[in-house]
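Down below is the structure, laid out as C-alpha cells.
The values are calculated or read from the model by the stated rules, or taken from the named source; none is laboratory data. This one's a predicted model, so the numbers in the text were calculated from it and none came from an experiment. Counting neighbours? That spans all protein chains shown, and the Cβs are built from the backbone with ideal geometry, glycine included.
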Amino acid sequence: MVVPWVPVLPRIRGTCYPTQFVLTERTGSPMSDMYRQSAHVDLTEAWQQLRRKRVSHALLDEQSGQTIPVLSHYSDVRAALQGSGQEGDDFVNRSTLLPLYLPCPEALTVLSELGAEPVTAAGDPPFHPQMRAALESVFPWKRSHVASYARVIEGIVTELLDSRIGETVELVDQFAAELPLRVILHLIGAPAGDGAQIRKWSDGQIHFIWGRPEPAEQVRLAHNLVAFWLYCLELAENNPPPHSITARLLAAGVTTNQAASFAFNLLVAGHETTRNLIVNMLFLLLVKPQRWQRLLDQPALVPIAVAETNRYMPPIIAWLRETARDVTIDDELLPAGTRILAHIAAANRDMPGGDDFDLITRPRRPLSFGGGPHYCIGAALAVQEAETALRVMLTRFRNLALTQNYTPRCEENIGFHAPSELWVTNG
C-alpha cells in the first residue's frame, strides 16, 4: 500500500523539498530492523540477505510497520545514483536529505526556519547543474587539483600524530575526525577554533537524517541545524578569507545565501565521510595484523588499501533517492514519488569474491562516491587524506595494534557506518 507523507518542510527557493512524497507500507514480515543491525561493524550477512532480491524492504518504524524499498544489486544502485533528475530519468534527488522518518510537528516547525538552498546532494535540474559548475570552478575535485593541498594535509597529519598519539589512544576522536575537519575548515574559510562546535552540529545532522531520534531529540537537533545554518550564513556575509572556497564562490557570482548553503553542506560532507573512511581502513587493517604487516612490507599497496576499504566497508553504506515516475524492478512497482534506499555497501560486494577484503585491484569501480552529476566532488580529496594518513602511520607506528579489550561498535545509523571508537596501542 502506498502511504502519502506530507511533511511541513519548506520549499527553499522553490527547489529543495517536495510538499509530498510517498513511502511504502508492507503487510507481512519485513526484513530485520536495519537500525539495530547497523550497530554491528560486520554486516556481511545482512548485506548478503539484501542481495537475494533486487528489491527488499527495510523496517523504519516498528509500531507502524513502515518500510522503505531497498535496492542492492550493483546495476540497480548504479542506475539510481546516476540519475540526474532530468526529464525522462527514473530517479530524482530532491528528498535525498530529508529524514528517513516523519519528524514530529514541533521539529518540522523549527526546520521551517532553514534557508539553505539545494546546491549539492538534494539538487535537481535546472538549478543543480548551475551550482555544480560553480563549485567545480573553485573546489579541488580532481587528483591534479588535490596535489597542491598535499603538504597541508601531511602537515596536519604530522601535527596530530605528534601531539595526540600516545602509547594507548582512541583514534576516532583524536585523529580520524580531526584530520578531515581541519582540512574542510581551511577550504571553507571557517575559523579553526570553531571546529568542535561544527563537529557537534555535523554529527547531529547525520543523526537527525539517518538515525532514529526520539521526538524530544528531534526538536533539539532541529534547533541545532538552524543554529548551524545561521553560522554558515554569517560566515558568508562577513568577508571570508580570500583563499577560501566561500570567498571564491562569491567572487564567481554565487549569492550569499548560496555560498552559505555550500558551507552548510560541505562542512558536513567534507569531514564525516572521510573520517569514516579512515576509521574503517585502520580497523580493517588492524583487526587482522597480517594485513598491517603486509603494508609495512609493501607500502606501495597503500592506494589499493584505501580503494578496497572504500569498496568493502564504505563510509556511507546507503543513500536516498526518489522515483521520478513509476519504476518496475522484478515485477515490483515503485510508484512515482517513492523514496528508495540505494544500498551502496551491498552493491559494492555484488561480484565474485565481493565479501572478501583483499589488497587487490577490483575489476570495477565501487559506488561509494556515487555517480553521474552527483558524483562526490570531494572524492579525490578524501582519498588523498586517507592515503596520506596511512603512509605516515605506517612509517611512524610499525607496531600499531588494536587493544586487547577493544570491542567495536557503531552508532545506529542506516546511512553512515564506522566504529564509533578505535582503541589502539603502539607498544
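Values as computed for the structure displayed
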{"quantity": "Some residue of segment 89-109 being out of contact with any Gly (no Cβ under 6 Å at 6 or more places or on another chain), surrounded by 19 or more Cβ atoms within 10 Å (Cβ to Cβ), within 30 Å of TYR35 (Cα to Cα) and modelled with pLDDT of 95 or more", "calculated": "yes"}
{"quantity": "Qualifying residue in segment 405-421 (condition: more than 21 Å from the chain's Cα centre (by Cα) and in a strand (DSSP E or B))", "calculated": "no"}
{"quantity": "Within segment 56-82, considering residues that are more than 18 Å from the chain's Cα centre (by Cα) and assigned to a loop (DSSP other than H, G, I, E, B), the one nearest to LEU333 (Cα to Cα)", "calculated": "HIS73"}
{"quantity": "Failed condition for GLY189, given (1) more than 19 Å from the chain's Cα centre (by Cα); (2) surrounded by fewer than 16 Cβ atoms within 10 Å (Cβ to Cβ); (3) modelled with pLDDT of 95 or more", "calculated": "(2)"}
{"quantity": "Whichever residue in segment 36-75 is surrounded by 20 or more Cβ atoms within 10 Å (Cβ to Cβ) and not hydrophobic (A, V, I, L, M, F, W, C) and, among such residues, is modelled with the lowest pLDDT", "calculated": "GLN66"}
{"quantity": "Selected residue (only one of ASN257, ASN310, ASN280 is surrounded by fewer than 23 Cβ atoms within 10 Å (Cβ to Cβ) and part of a helix (DSSP H, G or I))", "calculated": "ASN257"}
{"quantity": "Set ALA347, ALA318, ALA307: member being at pLDDT 95 or above, in contact with a Gly (Cβ under 6 Å, 6 or more places away or on another chain) and among the hydrophobic types (A, V, I, L, M, F, W, C)", "calculated": "ALA318"}
{"quantity": "Pairs with Cβ under 6 Å, 6+ apart, first in segment 292-317 and without any contact (Cβ under 8 Å) to a residue 60 or more places away in the chain, second assigned to a helix (DSSP H, G or I) and not aliphatic (A, V, I, L, M)", "calculated": "ARG311/ASN348"}
{"quantity": "Answer residue from segment 331-350, given it is assigned to a loop (DSSP other than H, G, I, E, B) and either touching a Pro at 6+ places or on another chain (Cβ under 6 Å) or touching a residue at least 60 places away in the same chain (Cβ under 8 Å) (or both) and is surrounded by the fewest Cβ atoms within 10 Å (Cβ to Cβ) among those", "calculated": "PRO335"}
{"quantity": "Residue check for PRO30: assigned to a loop (DSSP other than H, G, I, E, B), in contact with a strand residue (DSSP E or B) (Cβ under 8 Å, 6 or more places away or on another chain), at pLDDT below 50 and buried (at least 16 other Cβ atoms within 10 Å of the Cβ)", "calculated": "yes"}
{"quantity": "Conditions (1) at pLDDT below 95; (2) in contact with a Pro (Cβ under 7 Å, 6 or more places away or on another chain); number of the one not met by GLU387", "calculated": "(1)"}
{"quantity": "Residue among GLN258, GLN205, GLN218 that is modelled with pLDDT of 95 or more, over 22 Å from VAL119 (Cβ atoms) and not small (Gly, Ala, Ser)", "calculated": "GLN218"}
{"quantity": "Condition check for THR328: touching a strand residue (DSSP E or B) at 6+ places or on another chain (Cβ under 9 Å), of a type in the set (Ser, Thr, Tyr) and outside any loop (DSSP other than H, G, I, E, B)", "calculated": "yes"}
{"quantity": "Whichever residue in segment 351-403 is surrounded by fewer than 21 Cβ atoms within 10 Å (Cβ to Cβ) and among the aromatic types (Phe, Trp, Tyr) and, among such residues, is nearest to ARG51 (Cα to Cα)", "calculated": "PHE357"}
{"quantity": "Residue that is surrounded by the fewest Cβ atoms within 10 Å (Cβ to Cβ) [pool: residues in segment 121-150 that are in contact (Cβ under 8 Å) with a residue 40 or more places away in the chain and of a type in the set (Ser, Thr, Tyr)]", "calculated": "SER137"}
{"quantity": "Hey, GLY372 at positive phi and over 21 Å from the mean Cα position of the chain (by Cα) or not", "calculated": "no"}
{"quantity": "Top-ranked residue of segment 62-112 - restricted to ones that are among the acidic types (Asp, Glu) and touching a strand residue (DSSP E or B) at 6+ places or on another chain (Cβ under 8 Å), ranked as farthest from THR338 (Cα to Cα)", "calculated": "GLU62"}
{"quantity": "Hey, ALA79 at pLDDT 85 or above, crowded, with 17+ Cβ neighbours inside 10 Å and in contact with a helix residue (DSSP H, G or I) (Cβ under 9 Å, 6 or more places away or on another chain) or not", "calculated": "no"}
{"quantity": "Index of the failed condition, LYS200 passing every other in (1) in a helix (DSSP H, G or I); (2) of a type outside the set (A, V, I, L, M); (3) more than 30 Å from TYR406 (Cβ to Cβ); (4) out of contact with any Leu (no Cβ under 9 Å at 6 or more places or on another chain)", "calculated": "(3)"}
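A quick yes/no check of all residues on (1) out of contact with any Lys or Arg (no Cβ under 6 Å at 6 or more places or on another chain); (2) assigned to a helix (DSSP H, G or I); (3) surrounded by 22 or more Cβ atoms within 10 Å (Cβ to Cβ):
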position	(1), (2), (3)
LEU114	yes, no, no
VAL119	yes, no, yes
VAL152	yes, yes, no
GLY155	yes, yes, no
ASP162	yes, yes, no
VAL172	yes, yes, no
ASP194	yes, yes, no
